[in-house]
Amino acid sequence: LVLLPLCLLKNLKSLAPFSLLGVMGMAYTALAMSVRLLDGSYSAGGSGKFMEQVASHLQPKFGDAGASSVLSPQSLILVCMLSTAYMAHFNAPKFYLELKNNTIQRFNTVVTYGFGISIFLTGFITMIGFFTFGKACDGLVLNNYAGTDILMSLSRIAVAVSLVFSYPLAFTG
């Protein structure tokens, strides 16, 4: 019910500032995850300051399978997740029409930068999550972090804001 007014918008212009806010929220999440990796708050073996508050199945677990694990059938789950992460093709004509000075070259530039930033952030967050939690990394990596970790709680809020304002993009127009 809260999202309905956003989903009924006829153009994307009013969502532009919130789109930027969403990207900034994801960048903050990447930064916060990096800080937690580097400060050792979630170190394997229970030595991190937040480890007592993390469920045992979400605590870091590292194996010795190495690069061969990338070729396992379980890695196809990641491929499926990534294949749906960039589904914006149905709005491409709308994006083009609402683009200021809309030329094919300008549209291609905007799309290239947009997808480039998204791919970088997704890859970086995936990498940091794996380096922190190993094979215990949850599908929503923020679930691995303690609920009392303020830095990561702000990340949860940032991701929620990003999701709320990106959800209407599927229904606009």
Provide the FRET efficiency to the nearest 0.05 for the residue 70-residue 44 pair, computing r from the beta carbons and using R0 = 22 Å.
0.60
Choose one answer from 163, 21, 76: the residue with the largest mean-square fluctuation in a GNM of the chain with alpha-carbon springs under 10 Å.
76
From largest accessible area down, sort 132, 122; use a 1.4 Å probe on the protein chains.
122, 132
Report the accessible area of residue 69, computed with a 1.4 Å probe over the heavy atoms of all protein chains in place, in Å² rounded to the nearest 10.
60 Å²
Under a GNM of the chain (C-alpha, springs under 10 Å), which listed residue has the highest mean-square fluctuation: 140, 20, 37?
140
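Relative to 2.2 N^0.38 Å, what does the C-alpha radius of gyration of the chain come to as a ratio? Two decimals please.
The reported ratio for this selection is 1.20.
The values are calculated or read from the model by the stated rules, or taken from the named source; none is laboratory data. This one's a predicted model, so the numbers in the text were calculated from it and none came from an experiment. No Cβ is skipped: glycine too gets one built from the backbone with ideal geometry, and neighbour counts run over all protein chains shown. The protein model used for the area step is the full one, side chains on, heavy atoms only, and it has no ligands, DNA or RNA in it. Shrake-Rupley method; radii C 1.70, N 1.55, O 1.52, S 1.80 Å.
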